[in-house]
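The values are calculated or read from the model by the stated rules, or taken from the named source; none is laboratory data. Computed from a predicted structure; not experimentally measured. Please note: Cβ atoms are built from the backbone with ideal geometry, for glycine as well, and neighbour counts cover all protein chains shown. Note: areas computed on protein heavy atoms with side chains; ligands, DNA, RNA excluded. Shrake-Rupley method; radii C 1.70, N 1.55, O 1.52, S 1.80 Å.
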Amino acid sequence: MKPLMIDWKSKALEWDLEDPLASFRERFIHPPETIYLDGNSLGKLPHGVARDLEETIQKQWGQKLIRSWNDHWFGLSNRVSKKLAELLRVTPTELIVGESTSVRLFQIAQALAHTKCFPSRLVTDSLNFPTDSYILDAISKQTYDAPTVRVNYKDTLRADLNALKSKIDSHPGIYCLSLVSYQSGYAYPIKQLNRYAASNNSLIIWDLSHAVGVLDIDLKETETKAAIGCTYKYLNGGPGAPAFLYVDAHILKQIENPIAGWFGHARPFNFESEYQPASTIQKMAVGTPSILSLVALEKGLELTLEAGISKIRHKSVLQSTFLYELVTARLEPLGIAIESPPESDQRGSHISISHPEAWRITKALQKGTPSIIPDFRPDRFIRLGIAPLYTRFSDLLIVIDRLEYILSTKEYLQFTLEKPHVT
Ligand SMILES: Cc1ncc(COP(=O)(O)O)c(C=O)c1O
């Protein structure tokens, strides 16, 4: 029997026309002749951010100077935190923005280790992002004089939940996992694991960097006790945008900030000689907030709230399924392997593919017209990030057409293996 020909183009155009989020694309700046599939690394620039920054720099900083702290800046961090708290469905007294994800992980892991409420060990797994492992290792050495325990899975791209649970049984403690794995896009069953950890005297710190803004996450409903994450990916907060820390109110009462800076003081502007922590999550603040970065982040966050996270997730699933099907049908026969789970409920919003020539293929994508920008992760992965606020179904089809051409003609052989710092 002849295989059924799928008319991918009509499908893509039809879905773009029916897309309830289509108008959000106009709210971002788009470089000409470019298809951007790297919103999983750095989101696009929303319209209005440059104007807001201009106002902050020229008027508030340039003209009003220090008076702007009272008039504009002092409440900014709380206002932005409140919006993120709304997105993650926690109370604003449990979530704070600021610092980097790395610093936030250090603070919460160190603080929890010092409570002695959990068995004395930090644990992570082989799917976690390097900075998380480095930070946990440093704390483990300093606090427990022992290495971090690592759960290694046979499969390098998805978690073996039985292995993870049996590690929690045998090695209860403070765990840190990335809700969506940076390499494969694998998404953990967060509620199931939180419950499992809680019933085994353990707690999981979730790194939401690759999940926030694309997964519909209710931190309360999932019984999450602590989470960190960055905002420069799907929240479109800009390069180096402030990270966040969420701590459940009950746990918050039991921890102390290991970087007890003056902004975490109950009354920072009394300049008291004794440190007295604030009572809410404000006690995890450190120093002066980065005002320009907070201004840039606010717009991206508002766009996500306006679009609605359930609609964003719905579109992300449709698009990643479309892309998955296209890769299977048209690129697998040309030597591409798919490294993301086939089940949409076990995926974030990027599809990872691999090929021994992944770097040169990435270069060929970037150099064509339109220029296609995914990202490359050593040694053989190309991540195709879907940002539902601005990615179109038809963009995904163009990317597949181009990849099919590059692979079938071996166009990538024209490029050198030389790499810049950031790939
Ligand atoms: C899962 C994860 N955690 C942490 C980071 C790094 O965080 P930061 O640079 O804000 O410390 C990244 C960066 O991409 C990441 O993907």
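Looking across region 233-251, the residues that are open to solvent by 10 Å² or more (accessible area, probe 1.4 Å), away from the ligand (no atom under 16 Å from the Cβ) and either of a type outside the set (Asp, Glu) or not assigned by TED's automatic domain parsing to the domain that holds Asp207 (or both) come down to Ala249, His250, Ile251. Taking region 168-205 as the range and being part of a strand (DSSP E or B) and either small (Gly, Ala, Ser) or within 21 Å of Ala387 (Cβ to Cβ) (or both) as the test, the residues that pass are Ser178, Val180, Tyr186, Ala187. Across region 134-167, the number of residues qualifying as among the hydroxyl-bearing types (Ser, Thr, Tyr) and part of a loop (DSSP other than H, G, I, E, B) comes to 3.
Being over 30 Å from Val247 (Cα atoms), in contact (Cβ under 8 Å) with a residue 12 or more places away in the chain, among the aliphatic types (A, V, I, L, M) and touching a strand residue (DSSP E or B) at 6+ places or on another chain (Cβ under 6 Å) is the requirement here; does Leu21 meet it? Break it down into steps so the answer makes sense when it comes.
Working: over 30 Å from Val247 (Cα atoms): yes; in contact (Cβ under 8 Å) with a residue 12 or more places away in the chain: yes; among the aliphatic types (A, V, I, L, M): yes; touching a strand residue (DSSP E or B) at 6+ places or on another chain (Cβ under 6 Å): no.
The answer is no for Leu21.
The residue that is farthest from the ligand (Cβ to nearest atom), counting only those in region 91-128 that are open to solvent by less than 40 Å² (accessible area, probe 1.4 Å) and among the acidic types (Asp, Glu), is Glu94. When Pro342, Pro356, Pro333, Pro420 are checked against the criterion of being more than 15 Å from Asp38 (Cα to Cα), outside the structural domain of Val214 (by TED's automatic domain parsing), at pLDDT below 95 and not aliphatic (A, V, I, L, M), Pro420 stands alone in meeting it.
Looking across Ser170, Ser140, Ser166, one residue alone is away from the ligand (no atom under 16 Å from the Cβ), open to solvent by less than 10 Å² (accessible area, probe 1.4 Å) and either modelled with pLDDT under 95 or out of contact with any helix residue (DSSP H, G or I) (no Cβ under 6 Å at 6 or more places or on another chain) (or both). It is Ser140. Restricting attention to region 367-376, the residues that are over 12 Å from Val399 (Cα atoms) and surrounded by fewer than 16 Cβ atoms within 10 Å (Cβ to Cβ) total 1. Inclusion of Ser10 among residues that are at pLDDT below 95 and of a type in the set (S, T, N, Q) is warranted. Please go through region 264-285 and pick out each residue that is surrounded by fewer than 19 Cβ atoms within 10 Å (Cβ to Cβ), among the hydrophobic types (A, V, I, L, M, F, W, C) and within 30 Å of Gly62 (Cβ to Cβ). Scanning region 264-285 gives Phe269, Phe271. The set of residues in region 63-84 being open to solvent by 90 Å² or more (accessible area, probe 1.4 Å), assigned to a helix (DSSP H, G or I) and closer than 17 Å to Phe263 by Cα consists of Asn70, Asn78, Arg79.
Counting only helices (runs of 4 or more DSSP H) that sit completely within region 288-400, those holding 3 or more residues that are among the hydroxyl-bearing types (Ser, Thr, Tyr) and touching a residue at least 12 places away in the same chain (Cβ under 8 Å) correspond to 309-326.
Note on region 215-232: residues that are within 27 Å of Ile291 (Cβ to Cβ) and either more than 10 Å from the ligand (Cβ to nearest atom) or assigned to a loop (DSSP other than H, G, I, E, B) (or both) amount to 6. When Ser133 is tested against (1) among the hydroxyl-bearing types (Ser, Thr, Tyr); (2) open to solvent by 60 Å² or more (accessible area, probe 1.4 Å); (3) out of contact with any helix residue (DSSP H, G or I) (no Cβ under 7 Å at 6 or more places or on another chain), exactly one condition is not met: (2). Summed over region 22-52, the residues that are more than 16 Å from the ligand (Cβ to nearest atom) and either buried (at least 17 other Cβ atoms within 10 Å of the Cβ) or at pLDDT below 95 (or both) give a count of 10.
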